[in-house]
Structures are given as C-alpha cells and as structure tokens.
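Novice: Please read through the structure below; I'll follow up with questions.
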Amino acid sequence: MKLVVKSLGVSLLMLAALSACDSDTTAYDKLVLERDSLQIVQKNQLEEMEMYLTLIQDVDSAFDEIRISQDILSFASYDSENPSDAMRQKVADNIMMINTLLSENQFRIAELEEMLANSEIQSTQLQRKINKLTADLKKRTQEVADLRNELISKNYQIDSLTVMFRMSQDREASLLKQASERDSILQSHEAQLNRAYFFMGNRRTLRENDINVKDKDSGYRTELFTPVDIRHFDHLEIGSKSAKILTKHPETSYEIVENSDKTKVLLIKNATDFWSVSRYLIIQTR
C-alpha cells in the first residue's frame, strides 16, 4: 500500500514538472514571437524613414537647382531693357526648368504628407520638416512669379518666348527625324544598288545546291550566296590552289593571282565593268 502511494506521489510530481515545462515553453515562444514582431516593425519603420529621407533629399536638391536658376533670372532682370537673343533663350530655359522643378516638388511634398498621414510613425520633427518644405515651395513659387513679371517689364515676353522656344525645339527635332529617315532610306537604296553576291565551291557543292551556270532559265537562290558591297569589294581570298570563274565578267576587269602558298586571289580592277554583266559571282574551286 505504501508503495502504491509513493508511486502515485512521484507521478503527481512528474506531471507538475511537465506542466511547468510546458508553461515555460509557451512563455518562451511568446517572447520570441513578440521579439520577432518588434524586429519586423522596426525594420519596416527604418525602411519607411529611408523613403522619407530620400524624398526630402530630392526636394532639397530641386530647391538648390531652383535657387541657382533664380540667381540667373535675377541677373537678367537687372540687365538692359533690350536683352540679346542669347539672354532671352537662357531666360526661357531657366523658367521652363524652374516650372518643372516646382511641379515635381509639389508632387513630392504631397506624397510625403500622404505617406505620413497613413503611417504609424508619429514624428513631430518629420512633420515640421514637411511643413517647412511646403512653406519653401510657396515662397519659391511667389518669387519666380515676381521675377517673371519683372522680366516681362524688361521686354522679355516670357510666355511667347517659351512657346516659340518649344516650337523651335519641336521643329528642329522633327527636321532631324525626317533627315535621319531620309538618310536611312537613301543608305538602304544605295546599299541595294551596290549589292552583289558570290558563291565558292567545288563541283559537288555546286551540284548539291543546284547552281547551274549553263542553264540560262535557272535563277540563283540568293540565300546560298554571300552578299557584298561592290563599292568596297576589290579582292577575294579564294583559299584554293584551283579557281575558275563560271559567271560572265569582262576579262579586263579582273585578275586571278597567287599567294605565296599557291592559293588563288581574285583581284577586281574595275568594279563597274566587273559587275556590269551579272551581279552574281560563282567560283568553282575544283
């Protein structure tokens, strides 16, 4: 009886110990889960802050470019009332660039505000920076408008100048495109006019490809031939000690000579005459 009671006591102690272990394991797993969750949140917040900083840096860089352009416009506003064409164009360039940069900054600042409004990050310093950027944008926009009005009073005619400049750019781009297309067509046409073809092979190769020079009615399969530009094709290394030209070409327009290893070379002395009879050159090597 004592043995049974003792065994029961041991069993109860073991169950209590196992229960405590399970409880500790559950608590540990919960701590690990909480730690991992915090790390994920911190990682996401760091990535989000990097996005904020990148956008803010882009806005600040754009403001720096605007300041430089404003200095140029300020100088122009104090220049003579009869600005040169070069100065007019420079002013137009700067105004177009400033307007683009202001629009881009307006979009970036709006993006920052929307991101912060929907973010779990509550940063007073970040909100203060965005407010400052918004104020800077408003200030720069007004300063550029004032400069523009001052330049107009100096006979710069900004709006018409900008439109004319854009039209001039578009017209120039269109002319360049037309010229490029025309040159491409001419080059393609010239290449076609100056294209010829050659084929080299022994009797068996010629026979297998159905290349029969004696058959006047047979056409040559161009894909079997190598294309050349007759304007630059003045010789051909045949690579064989035996070479016979099967197609008709004026004999005075070419010559077959030997290399030091006795292999043949075709020299074209007069390209116009050589290709006058046929644009196909067929050479039998054996």
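The values are calculated or read from the model by the stated rules, or taken from the named source; none is laboratory data. Note that the structure is a prediction, hence the values are computed from the model and not measured. Cβ sites come from the backbone with ideal geometry, for glycine too, and all protein chains shown count toward neighbours. Just the protein is used for accessible areas: all its heavy atoms, side chains included, with ligands, DNA and RNA removed. Shrake-Rupley method; radii C 1.70, N 1.55, O 1.52, S 1.80 Å.
Novice: Heavy-atom accessible area per residue, region 214-286, 1.4 Å probe: how many Å²? Working shown, then result.
Specialist: On the way: 4720 Å² over 73 residues.
Accessible surface, normalised per residue, equals 65 Å².
Novice: Which residues in region 247-277 have a backbone N closer than 17 Å to a point placed 7 Å from the Cα of Arg231 along the Cα-to-Cβ line?
Specialist: 271-273, 275
Novice: Residue by residue, what Karplus-based ³J(HN,Hα) values in Hz, rounded to whole numbers, does region 196-202 have, using 6.51, -1.76 and 1.60 with θ = phi - 60° and x for Gly and Pro?
Specialist: Values, residue by residue: 9, 9, 9, 9, 10, x, 7 Hz.
Novice: May I pose another question? Can you tell me the FRET efficiency between Lys262 and His189 if r is taken as the Cβ-Cβ distance and R0 is 30 Å, rounded to the nearest 0.05?
Specialist: Numbers: r = 42 Å, r/R0 = 1.38.
The computed FRET efficiency comes out at 0.10.
Novice: Let me ask another. Taking the C-alpha atoms of region 105-154, how large are the radius of gyration and the largest Cα-Cα span, Dmax, in Å?
Specialist: Using the Cα atoms of region 105-154, the pair Rg, Dmax is 15.1, 52 Å.
Novice: Can you run phi through the Karplus equation (6.51, -1.76, 1.60; θ = phi - 60°) for region 55-71 and list ³J(HN,Hα) in whole Hz, with x for Gly and Pro?
Specialist: My calculation for region 55-71 gives 5, 5, 5, 4, 5, 4, 5, 5, 5, 4, 5, 5, 4, 4, 5, 5, 4 Hz in order.
Novice: Using only Cα atoms, figure out Rg for region 196-268 and give it as a multiple of 2.2 N^0.38 Å.
Specialist: Details: Rg = 13.0 Å, N = 73, 2.2 N^0.38 = 11.2 Å.
Relative to the 2.2 N^0.38 Å estimate, region 196-268 comes out at 1.16.
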